[in-house]
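Encoded as structure tokens, the structure appears first; notes follow it.
The values are calculated or read from the model by the stated rules, or taken from the named source; none is laboratory data. Note that the coordinates shown come from a computational prediction; the quantities given were computed from them, not determined experimentally. Note that each Cβ is placed from the backbone with ideal geometry, even for glycine, and that neighbours are counted across all protein chains shown.
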Amino acid sequence: MIDFTNSAYVKMKQVDPNTVLGDIQPILINGEQVIGAYKAMRDYCVFTNKRVIAVNVQGMTGKKKDFTSLPYSKVSAYSIETAGILDLDSELEMYFSGLGKVKFEFTGQSNIVQICQIISGYIL
């Protein structure tokens, strides 16, 4: 499992979900749909209509991957920080019962408000 206690997970930018669909397709359940994908150098996270899937790509070849499933049903609270004039990055903090805080950082081009609306739609 990814160690979320060490600051932010990764600083990510939005990517086409099809670029990571091959990796996560086998772990999706019936009726689960990919809403968005965000990627850093190698690691990425995928927002679905059921959960956030955080993927930690490991090893030199990148064939080994750690998949962490973060279901919206376990979110007790979340907060977002939008990008500003000097600070171009945005942040999402989600608080999961039994796990604690998970923090994601996004580049300024990512639509953090859209992510907020998606999460709100599934947890409220």
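Quick notes
- Per this entry, TYR72 is counted among residues that are touching a helix residue (DSSP H, G or I) at 6+ places or on another chain (Cβ under 8 Å), modelled with pLDDT of 90 or more and closer than 20 Å to LEU28 by Cβ.
Every residue, every condition in (1) in contact with a strand residue (DSSP E or B) (Cβ under 7 Å, 6 or more places away or on another chain); (2) outside any loop (DSSP other than H, G, I, E, B); (3) among the charged types (D, E, K, R), yes or no:
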site: LEU21; (1), (2), (3): yes, yes, no
site: MET41; (1), (2), (3): no, no, no
site: ILE53; (1), (2), (3): yes, yes, no
site: THR68; (1), (2), (3): yes, yes, no
site: GLU93; (1), (2), (3): yes, yes, yes
site: LYS103; (1), (2), (3): yes, yes, yes
site: GLN109; (1), (2), (3): yes, no, no
site: VAL113; (1), (2), (3): no, yes, no
site: ILE119; (1), (2), (3): yes, yes, no
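- Selection from segment 70-86 of residues that are among the aliphatic types (A, V, I, L, M), in a strand (DSSP E or B), surrounded by fewer than 18 Cβ atoms within 10 Å (Cβ to Cβ) and in contact (Cβ under 8 Å) with a residue 24 or more places away in the chain: ILE80
- Segment 87-124, subset of a type in the set (Ser, Thr, Tyr) and in contact (Cβ under 8 Å) with a residue 40 or more places away in the chain, residue nearest to ASP16 (Cα to Cα): SER110
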